[in-house]
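Input: a single structure, listed below in structure tokens.
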Amino acid sequence: MLAARRLVLAHLWTAFVVFAAAAVLGAWQMWVRSPLAAPFSTPDNYYLSVTAHGAAMAYVLTTFFIMGFGYYVAETALERTLPSMRWAWLGFALAIFGTAMTVLTVLSGRASVLYTFYPPLTASPFFYVGLVLVVVGSWIWCVLMILAMAQWKRANPGRPVPLAMFATVSNAVMWLWTTAGVAVELLFIVIPASLGLTETVDVGLTRTLFSWTLHAIVYFWLIPAYIAFYTMAPQAAGGRLYSDSMGRLSFILFLVYSLPVGLHHLFMDPEHSTGFKFVQMSLTVLVTVPTLLTVFTITASMEIAGRMRGGTGLFGWIGALPWRRPMVLATGLAFFMLWFGGGGGLVNMSYGMNAMVHNTSWVTAHFHLIFGGTVVMMYFAIAYEIWPRLTGRATQAPQLQCAQLWLWAIGMMVMTVPWHWLGLEGQWRRVAHFDYADPAIASWGPWVDVSVAGGAILLASALLFIWNLARFHADQAAKLTPVPPQRYAVAVHPPDHVPAALNGFALWNVVVLVLMAVAYGFPLAQFFIEAPPQAIVHHVDRAG
Amino acid sequence: MTAVSDSAPSQGDQPDGPALERALKTVPRGAMALSGAAVLLLLAAWLAIYLFVFLPRGPVG
Amino acid sequence: MEALDRAWRLWVGIILAGMVVTACVLGFVVVPLVQGGGPGFDAFTAICRAIGINLAPREAPRAAAPAQPASGVAWNSKTFGALAHGDKAAGAKFAQDTCIACHAPDGPPPDPSIPRLAGQSSFAIYKQLQDFKSSTRINEIMSGLAKAMTDTQIADVAAYYSSLARLDLDARHPAFAGPEIEALVERGDATRGVPPCASCHAATSGGPIETPTLTGQSPQYVAAALKDFAEGQRRNDIYGRMRGIAAKLTPAEMTLLGDYYTTPH
Amino acid sequence: MAMDERTILRNELRWAAGVGAMVGVIFVAILFSSLALHRAPPSNIETVDPQTLHLAGEFTEANLGTHVTPDGQVTTRIVAAQFAFVPQCVVVPQGKPVTLRLSSPDVIHGILITGTNVNTMVVPGYVSQVRTVFAETGDLLMPCHEFCGLGHSEMTAHVMVVPQSSFRPDANGTASCASR
């Protein structure tokens, strides 16, 4: 049994309980903004719910899952115990305390500013401080991951770090870079404003700092899914990883290109010039490369498995894959939804084309497909994969696990296909209720109704997921003796040696630094060269 | 493969040498075809939106 | 291995520099030069604009009508500073002599058409007095009184009344005004483009700074104020937002909104 | 081994080249639309004090709406404030270049105009400027698309695109929905 078993379970259960609650809110939000009459429908409740749903999904589910899974990978892939259990628990405690503080503040109605903040709207300081504590907890995790890899490398000189751990550390390094933007925004601008220490904020500066974080955070969420693609899915399918080096290169490219591209969230903003928008658009184009490389490498790995299982012909190997195994099924469904989500993203990043869809339901569809469709789908699969090893109990009903994954994919598609259409029609975002009596938008009603059904299916799937996991802990669950060890996919050619560039991050940190200086140097400096007029803080937690 | 092994928790049926070698004779032709088709479709979809939605909606900037 | 590592560093550097230079040449030179032709920028101005340095002369408003602001109050550090220095005790003394006959600190006003000020937001009191003073709001009695007040006295009085306990603090009694009014207050009416009253007139709304608190207000006063806004008798709301909303309300709704915000008897 | 490491690397590189070509097509199409068809993100780093927006300058109440200069340039000025656009309806001519200029006195807002590529954030402290040509006549919806507070959902305005023949500004060059 794992030494960090309780630590991992504590993180993952926290993540999934919060996820289930946020799924309830999400389904209710779909209902409220539809033509159907929903209970509790006031803007007050709606924005409270959107804030809770966003913060829970984007910050709590992800951070706790990534930390828990990181500890699991560190112990199983490196086959050694964590550098410090005490610090790991301290990080957990900080994050739990921060989560509780944030959740209670949101529920009290004093933080309805959505999870993306939007200063000069300013919530109760407890909301921001809680989130900062979650991030500080995750920084402890980052240090532990980097230390774990360093200790392993010292003990195994010249040997390539196992891919799963290499990817985990790439994520830890990226997260330290990523959180710098939002941390500066919160600590130096937003929290002082929320405490009443300052009366004004430089809105352009806060938006730019948040954009620093806003794209790379998505890759922070995504990397565990890619770890599963590279190191778990080929194994589950009974094949081999096509190329270990391509895996390393992809994770490095994520680290390098996910950061200097955040300005593409501000294409429609007046405080940045076309030149820097263009440069960051060009770099965003390159962010598609690691994903497209992954698509090929993983498809080839699956093809190996399919052919070894007797599949023939150009596409016959697809049918030969063991689709009843949750990890394999989830990989297929995740790639399917990644096609739609990635396609939507291609439109978003296309410079002028962003004007066609910015802040419409198109964007909501895009990130639900990437986040819900790909990221969370693989979180499910990872949970099903590692729960037997965490609990020492056997999977009882894999068909229920597969049904849950299918429900999730169907619900996600039913919800987001209408959103794409409505987005192109101009349906704007963050609306508590639409006036469907207006002839200009009356035709949207049925589409929104369809997406409500999608939300309901997603909720059913989320609850079934919790049920599936809970069953591992039930008394009648069969004990596994011995508990099978976690095995990660072996490459067709397992590497003996890899270049230092593919075995560590020293070079890549320099690259990130250079790219960030080019991409964000002047766009941030301009606010200090000639400070623009400031906007008055609008508190949502008190009058005035 | 039987249904039982299909649904067993994936302990990783370690691939054996000859089967792997046989598979690698054709791999990655299928992967190239499948992911190639997906990417081409993606490009087609992007171009369709570019030509038929974006461009007709007029200049901006 | 050493040679391989050097090769990696070299190629990473070359590829990276190539991409960044290409993107910069396109973004800072080619695109602005070609696009600058439209608005008629010269090459230097166009490139500076692309970097983020705006050299183009600021476009003067072409139909510059003389500014007739609805209110002369601006929410800036100067105003906040004046309010922060508002002296409650001095305000109380001033109110004792001038205000409390109509705006009692602890009871209803003698006439229901007079607003209750105890517990009102200091920002709202400050703005209304300044508006009376600058004649952007007119009232037989108040205009004269406010004109005689100094900025300091206005801040003091605002500090004094906002420090008092509001009468019947929580007076949301939807049953009294009916579910339709409750819906208007909490949900607004999208069909008419009326935002919820609570989106501005609630303690945690994060709306405009100057928005007054309505809870516990005299019903006649609320209904009359709405009528004045609707008819344009009163026009000191910045950017006419309250005039716009009030014009969309029916007289019956105005009366019921007054009832909603007051205390049942 | 049937396939050595070099073959795998070659296959990956071949794939990467194909992917690069596909991304290149998209990049060139974006560049073309930007250079030749004037489709670019609106970027006009121009500051204005949000705290005194209503007191002086371009965005005082009397200056808002559509104005035509004697040389025929059409400029529409709109203030986005919690929770209304001022004015709530603007009129613009079809088939002529129109410059939209927006600003906010309070918090972040944003606009899109349905069926067009008009889209911009309205950030307090800045003038957001969008140049466009409206191709079709009609009554278009212009909602606030960024969360600005509890009244965000009701914050919508209308853009009436009228044929040039019925776009008749008054003697001062002002055109409004009512006078059209």
Check your understanding: Could you name the lysines in cross-link range of C:LYS88, using Cα to Cα under 24 Å and dropping any fewer than eight places away on the same chain?
Key -> C:LYS78, C:LYS127, C:LYS133, C:LYS147
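Taking only protein heavy atoms into account and a 1.4 Å probe, give the accessible area per residue of chain A in Å². Working shown, then result.
Details: 15860 Å² over 544 residues.
Accessible surface, normalised per residue, equals 29 Å².
What quantity of accessible surface, computed with a 1.4 Å probe and excluding non-protein components, is buried in total between chains A and C, in Å² to the nearest 100? Mind showing how you got there, number by number?
Details: alone 21380 and 15970 Å², together 34270 Å².
Result for this pair: about 3100 Å² buried.
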Exercise for review: Mind jotting down the distance between the C-alpha centroids of segment B:30-48 and segment D:30-77, whole Å?
Suggested key: 41
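Normalised by the residues of chain C, what does the relative contact order come to in percent, with Cα pairs under 8 Å and at least six apart? Working shown, then result.
Values: 335 pairs, mean separation 49.0, N = 265.
In percent, rounded to a whole number, it is 18.
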Exercise for review: For n ≥ 4 DSSP H runs only, could you compute -39500 (n - 2.57) per run for chain D, divide by its residues and tell me the 222 nm figure to the nearest 500?
Suggested key: -6500 deg cm²/dmol
Review point. What's the buried accessible area, both sides, between B and D using a 1.4 Å probe, rounded to 100 Å²?
Key: 2300
Review point. What's the angle, to the nearest 10 degrees (0 to 90), between helix C:251-261's Cα axis and the longest principal axis of chain C?
Key: 90
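Looking only at other chains, what is the average number of their beta-carbon atoms within 10 angstrom of each beta-carbon in C:41-54? Could you put the intermediate results ahead of the total?
Values: counts 0, 0, 0, 0, 0, 2, 1, 2, 6, 8, 8, 14, 6, 7.
Rounded to a whole number, the mean comes out at 4.
With loop defined by DSSP as not H, G, I, E or B, and exposure as at most 11 other Cβ atoms within 10 Å, which is the longest segment of chain A clear of exposed GluC sites (Glu not before Pro)?
Numbers: sites that count: A:GLU79, A:GLU530.
My reading of the result: A:80-529 is the longest stretch.
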Practice item. Report which residues of segment C:11-31 become buried by 40 Å² or more of accessible surface when going from the isolated chain to the complete set of protein chains (1.4 Å probe; DNA, RNA and ligands ignored). Key: C:VAL12, C:LEU16, C:MET19, C:VAL20, C:ALA23, C:LEU26, C:PHE28, C:VAL31
**Study point:** Nearest-ten-degree value, helix D:5-36 long axis tilted from longest Cα axis of chain D
**Key:** 20
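Starting from the Cα gyration tensor of the protein assembly as shown, take the square roots of the eigenvalues, sort them a ≥ b ≥ c, and report rounded, prolate or oblate (rounded when a/c is under 1.5, otherwise prolate if a/b is larger than b/c, else oblate).
Numbers: a/c = 2.08, a/b = 1.65, b/c = 1.26.
Judged from the Cα gyration tensor, the protein assembly as shown comes out prolate (a/c at least 1.5, a/b above b/c).
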Revision key, fill the gap. For segment C:77-163, shape from the Cα gyration tensor axes a ≥ b ≥ c, cut at a/c of 1.5 then a/b versus b/c, turns out oblate
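Rounded, prolate or oblate, given the Cα gyration tensor of segment C:9-50, with a/c below 1.5 counting as rounded? Can you show the working numbers first?
Details: a/c = 6.01, a/b = 3.94, b/c = 1.53.
Taking the square roots of the gyration eigenvalues as a ≥ b ≥ c, segment C:9-50 is prolate.
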Review point. Interface D/A, total buried accessible area with a 1.4 Å probe, nearest 100 Å²?
Key: 5200
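Evaluate the relative contact order of chain A (contact order divided by residue number), counting alpha-carbon pairs under 8 angstrom at least 6 apart; express in whole percent. Before the final figure, lay out each step's value.
Numbers: 868 pairs, mean separation 113.4, N = 544.
Normalised by residue count, the contact order of chain A is 21 percent.
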Check your understanding: Counting only the heavy atoms of the protein chains, how much of C:ASP42 is accessible to a 1.4 Å probe, in Å² to the nearest 10?
Key -> 90
Exercise for review: Can you tell me the relative contact order of segment C:77-163? Whole percent, Cα pairs under 8 Å, sequence separation 6 or more.
Suggested key: 47
Review point. Going by alpha carbons, how many degrees (0 to 90, nearest 10) lie between the helix axis of C:219-231 and the longest principal axis of chain C?
Key: 50
Study note, to complete from the structure: Bridge orientation stat for the protein assembly as shown from DSSP, antiparallel percent rounded to 5, came to 70
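Hey, can you list the DSSP H helices of chain A whose Cα span along the axis is 24 Å or longer and whose average Kyte-Doolittle score is at least -0.5?
Values: long enough: A:5-32 (40 Å, 1.31); A:85-107 (32 Å, 1.54); A:125-155 (45 Å, 1.54); A:163-184 (32 Å, 1.43); A:274-308 (52 Å, 1.10); A:326-349 (32 Å, 1.34); A:398-425 (41 Å, 0.65); A:445-472 (42 Å, 1.34); A:506-529 (32 Å, 1.96).
Qualifying helices: A:5-32, A:85-107, A:125-155, A:163-184, A:274-308, A:326-349, A:398-425, A:445-472, A:506-529.
What accessible area per residue, rounded to a whole number of Å², is obtained for segment C:179-260 using a probe radius of 1.4 Å? Intermediate results must be reported in sequence, preceding the final value.
Working: 3050 Å² over 82 residues.
Result: 37 Å² per residue.
Counting only protein heavy atoms and a 1.4 Å probe, tell me what percentage of the protein assembly as shown's accessible area is made up of carbon and sulfur. Can you show the working numbers first?
Values: 24200 of 37410 Å².
Roughly 65 percent, rounded to a whole number.
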Exercise for review: Could you list, by residue number, the cysteines of the protein assembly as shown that have no other cysteine's beta carbon within less than 4.7 Å of their beta carbon?
Suggested key: A:CYS142, A:CYS402, C:CYS24, C:CYS48, C:CYS99, C:CYS102, C:CYS197, C:CYS200, D:CYS144, D:CYS148
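Which net charge results for the neighbourhood of A:TRP508, defined as the other residues with beta-carbon distances under 15 angstrom from its beta-carbon, given Lys and Arg at +1 and Asp and Glu at -1? List each step's numbers first, then the result.
Details: positive: A:ARG248, C:ARG9; negative: C:ASP5.
Surrounding charge for A:TRP508 is +1.
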Study note, to complete from the structure: Reduced to Cα centres, the span from segment A:54-127 to segment A:424-461 in Å works out to 31
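The values are calculated or read from the model by the stated rules, or taken from the named source; none is laboratory data. Because the structure is a prediction, the values reported are computed rather than measured. Note: ideal-geometry Cβ built from the backbone for every residue, glycine included; neighbour counts use all protein chains shown. Note: areas computed on protein heavy atoms with side chains; ligands, DNA, RNA excluded. Shrake-Rupley method; radii C 1.70, N 1.55, O 1.52, S 1.80 Å.
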